[in-house]
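Below you'll find the structure, written out as structure tokens, and then a few comments.
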Amino acid sequence: MVGGCSAALALYILCEYGSALIDSEAPEHSVPGMIIAAACMIVMSLLVRAKRRVDAGIRGGAMNADSKQADFCTYLSAIVLGRLLLNAIVGWWWADPQAGFVMVPIIAREGLDGLKGKPCCDG
């Protein structure tokens with residue numbers, strides 16, 4: 001399940017950011033958007049740590065695999081916040097798709113490993 005979600009997320013990011021780059025779409029920015037992105041980074045980081053602590057206690061691996069999804073959300077929140085700031089300050093609209101493309105192979109590999117049944121980590 002987590003593998004399929006990760007693969008779908010990678011495909012979505014590839015399509016969405018590819019379209020934005022081709023169309024030269026500058027992302028809109030707002031102070032509430034920046035606050036929400038910053039809050040998501042903090043909350044998702046805490047969630048990752050909590051999931052990994054629970055997994056260490058139960059030693060099942062499933063919760064740790066699920067924490068990868070929360071990791072991706074943290075990274076994507078950072079990308080969103082970065083793009084909002086860069087676009088607002090210096091007009092670098094292309095920074096958002098470029099950062100998203102960096103995440104695609106990482107997320108896709110995790111997704112494919114999950115679909116193949118490979119464990120996400122040791123211990």
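The values are calculated or read from the model by the stated rules, or taken from the named source; none is laboratory data. Note that this is a predicted model, so its numbers are computed, not measured. Cβ placement follows ideal geometry from the backbone for every residue including glycine, while neighbour counts extend to all protein chains displayed.
Here Pro32 clears all of (1) in contact with a helix residue (DSSP H, G or I) (Cβ under 6 Å, 6 or more places away or on another chain); (2) in a helix (DSSP H, G or I); (3) under 30 Å from Trp92 (Cα atoms) except the condition numbered (1).
When the criteria are applied in full, Ile107 fails the requirement of being in contact with a Gly (Cβ under 8 Å, 6 or more places away or on another chain), of a type in the set (Val, Ile, Thr) and within 26 Å of Lys51 (Cα to Cα). Looking only at segment 45-52, decide whether some residue is of a type in the set (Lys, Arg), under 13 Å from the mean Cα position of the chain (by Cα) and surrounded by 18 or more Cβ atoms within 10 Å (Cβ to Cβ). No - not one qualifying residue is present in segment 45-52. In segment 7-36, the residues that are charged (D, E, K, R) reach residues that are at pLDDT 85 or above with C-beta atoms within less than 8 angstrom, at least six apart or across chains, in these pairs: Glu25/Ser19. Residue pairs whose Cβ atoms lie under 8 Å apart, sitting 6 or more positions apart in sequence or on different chains, and linking a residue in segment 67-80 that is on the phi < 0 side of the Ramachandran plot and basic (Lys, Arg) to a partner that is surrounded by 20 or more Cβ atoms within 10 Å (Cβ to Cβ) and part of a helix (DSSP H, G or I), are Lys68/Ser6; Lys68/Glu110.
Of note, Leu84 satisfies the criterion of being aliphatic (A, V, I, L, M), in contact with a Pro (Cβ under 8 Å, 6 or more places away or on another chain) and at negative phi. Just so you know, in segment 53-92 the residues that are over 11 Å from the mean Cα position of the chain (by Cα) and β-branched (Val, Ile, Thr) include one that is nearest to Ile106 (Cα to Cα), and it is Val54. Scanning segment 53-81 for residues that are over 26 Å from Ala99 (Cα atoms), buried (at least 17 other Cβ atoms within 10 Å of the Cβ) and either modelled with pLDDT under 85 or in contact with a Leu (Cβ under 8 Å, 6 or more places away or on another chain) (or both) yields one hit, Met63. Might you check whether a residue that is within 14 Å of the chain's Cα centre (by Cα), more than 24 Å from Gly3 (Cβ to Cβ) and surrounded by 14 or more Cβ atoms within 10 Å (Cβ to Cβ) occurs anywhere in segment 32-39? Yes - at least one qualifying residue is present in segment 32-39.
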